[in-house]
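Inspection log for the structure reproduced underneath, given as structure tokens.
The values are calculated or read from the model by the stated rules, or taken from the named source; none is laboratory data. Since the structure is predicted, the reported quantities are computational estimates derived from the model, not experimental observations. Cβ placement follows ideal geometry from the backbone for every residue including glycine, while neighbour counts extend to all protein chains displayed. The area values use the complete protein model at the heavy-atom level, side chains included, leaving out ligands, DNA and RNA. Shrake-Rupley method; radii C 1.70, N 1.55, O 1.52, S 1.80 Å.
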Amino acid sequence: MKLIENLHFNNIRGDITGGITAGVVALPFAIAMGLASGAGAIAGLYGAIITGFFAALFGGTGAQVSGPTGPMTVVMGIVVTYMISKYPETGLALAFTTVVMAGLFQILFGMLKLGRFINLMPHPVTSGFMTGIGVIIIIFQIPQVLGLYEIKGKPLEIFSQLGGVESYFANTGAITIALITLTLVYLLPKKIGKIIPAPLFALLAGTFILYFFPEYFSSKTELINNMLLGEIPTGLPSFQVPVFEWSIISDMVYYGAMLAILGSIDSLLTSLVSDEITRTHHKSDRELIGQGIGNTVSGLFGGLPGAGATMRTMTNVKAGGLTPISGALHAVLLLAIVLGGAQYAQSIPLAVLGAILVKVGTDIIDWEYLKGLISAPKSGALIMFVVLGITVFIDLMTAVGIGLVMASLIFLQRMTDVQLASIVSVQTIEEAAHLDEAHQELIRAGNTLFYQLNGPMSFGSAKGIVRDFSTKTNYNRVILDLSNVPIIDYTTSRGISEICNICIEKSADITIVGANTKVRHFLENIGIDKTILT
């Protein structure tokens, strides 16, 4: 296995352009994600640098750009809040230890080759939790956009703290800055957007407007200062020794697994997008290992967890980036900014960052699925909304788990219906035209039931098969044809055994024909008489 997958220098000019462009786009997102997580803006920057660099070098998707993403930031925010509530002094260190655990989980996922299973996630489940995360991000930014910075908590807690409608407009300065930013990120002309990305343009514009014209937003210097991001540490990140509290170790493992699963899904979905626009094929398990290495190192140096970032990856590709060089270069550029220009970020208004994250939230929402709800299967729409609601108001892992169970049961019911519909039952010569001459002769002789199962038979259809067979009458001989059954499970084999017992009770002869070697052994092992297997 290559140390660095997809590495070559045939596209060096495009990789340099793509890396620089992606780095510029990543800057406002990294700061905003760090702030939203509760770990601080510098944690967002460190996370973007570390995960961006290591995931690019050791991942399995050439053009992928990794860093803090909306879904990962939402869960990290929950982790930070929980850990600090339990242990105020070491809570942040515990949160970063959880990030390390998440990275180790991802490495384990890759080594166990679980990437292909994550790709089997049903789209309604993916759509539901991604849309739910988008909604959560938007709700979390309401206090920032309104300038009500003391309001914190889960979505329902935020709404309960807002109070009356009049409280929404207590800080008109923050609202004005947020509206200007939202206008720019949504409506910036494409000609300008090609020169400077809309989020960065909005970040700079909002910051300069408040810096040079503060009197238009508030006459109180204290209120203006409260609207700003504040001082950000500069310099290289320092190593943080993992901290464990055994009283909450199960919670740390739980949140670590949650971050790992979410980061894996988020990254592999972005890998699929990258494959589509670059006409390449990523390596899922290698990507999980690369993301795991990035998150492990990020947690050890006080950075946020990251994943493949769709917008930054697309920006990289559109600017010419195709290899890990571009992703690594984007991280190096961010590092240079942290070392030389972090002090300038203290003047960024919180409302600007909140508005940028509102745009992130709306981009994450699966609008394409929502637009097609009228024509979408009702079962898929139900799964999507159940997962969406549970994600927003309860828990992401619970939402995904329930969504998968719902999708599995619906799929099982559909497969059962297909399997039962494929059964062929023949008792008259008029129905026997498709049978061979030997079987037709038996049907002509009378009182013979030809009963054929088709396709793979699973436990879902076993009782239905027995129920259907029980309705048959007027026979003293049964031919059970399994020639079109490639595989059965234990429950189906018990169902076939029950059919044999029904025949014995009715004093009818039964012959099982056409069973392949695997099916035959299966039936013999559960005690079906070998003499009826031909």
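Selection over segment 1-56 of residues that are at pLDDT 85 or above, of a type in the set (Phe, Trp, Tyr) and open to solvent by 40 Å² or more (accessible area, probe 1.4 Å) gives a count of 2. Of Arg520, Arg477, Arg467, Arg494, all but one fail to be more than 25 Å from Met415 (Cα to Cα) and basic (Lys, Arg); the exception is Arg477. All conditions in (1) closer than 20 Å to Gly308 by Cβ; (2) within 18 Å of the chain's Cα centre (by Cα); (3) touching a residue at least 12 places away in the same chain (Cβ under 8 Å); (4) not in a loop (DSSP other than H, G, I, E, B) hold for Met121, with the sole exception of (4).
Name the single residue that is farthest from Ile138 (Cα to Cα) among those in segment 339-357 being aliphatic (A, V, I, L, M) and surrounded by fewer than 23 Cβ atoms within 10 Å (Cβ to Cβ). Show your work before the answer.
Initial filter on segment 339-357 (aliphatic (A, V, I, L, M)): 339, 342, 345, 348, 350-353, 355-357.
Keeping just the survivors that are surrounded by fewer than 23 Cβ atoms within 10 Å (Cβ to Cβ) gives 339, 342.
Details: Leu339: 31, Ala342: 26 Å.
Within segment 339-357, the match that is farthest from Ile138 (Cα to Cα) is Leu339.
The residues of segment 467-523 that are out of contact with any helix residue (DSSP H, G or I) (no Cβ under 8 Å at 6 or more places or on another chain), open to solvent by 30 Å² or more (accessible area, probe 1.4 Å) and among the hydrophobic types (A, V, I, L, M, F, W, C) amount to a single one, Ile504.
Do you know which residues across segment 323-349 are touching a strand residue (DSSP E or B) at 6+ places or on another chain (Cβ under 8 Å) and not in a helix (DSSP H, G or I)? Hits for segment 323-349 are Ile348, Pro349.
Give segment 264-298 a look and list any residue that's touching a helix residue (DSSP H, G or I) at 6+ places or on another chain (Cβ under 9 Å) and outside any helix (DSSP H, G or I), or say none. It would help to see each step written out before you state the result.
Taking segment 264-298 and keeping what is touching a helix residue (DSSP H, G or I) at 6+ places or on another chain (Cβ under 9 Å), we get 264-271, 273-274, 277-278, 280-298.
Answer for segment 264-298, where residues must be touching a helix residue (DSSP H, G or I) at 6+ places or on another chain (Cβ under 9 Å) and outside any helix (DSSP H, G or I): Thr280, His281, His282, Lys283.
Tell me, which helices (runs of 4 or more DSSP H) lie completely within segment 363-444 with 2 or more residues that are aliphatic (A, V, I, L, M) and in contact with a Gly (Cβ under 9 Å, 6 or more places away or on another chain)? Correct list: 378-393, 396-421. Restricting Gly303, Gly320 to residues that are in contact with a Lys or Arg (Cβ under 8 Å, 6 or more places away or on another chain), part of a loop (DSSP other than H, G, I, E, B) and either open to solvent by 50 Å² or more (accessible area, probe 1.4 Å) or touching a residue at least 24 places away in the same chain (Cβ under 8 Å) (or both) narrows the list to Gly320.
Checked against (1) surrounded by fewer than 19 Cβ atoms within 10 Å (Cβ to Cβ); (2) modelled with pLDDT under 85; (3) not aliphatic (A, V, I, L, M), Gln144 passes all but condition (1).
Filter segment 423-433 down to the residues that are modelled with pLDDT under 70 and either closer than 24 Å to Ala462 by Cα or surrounded by 10 or more Cβ atoms within 10 Å (Cβ to Cβ) (or both) and list them by number. The answer is Ala432, and nothing else.
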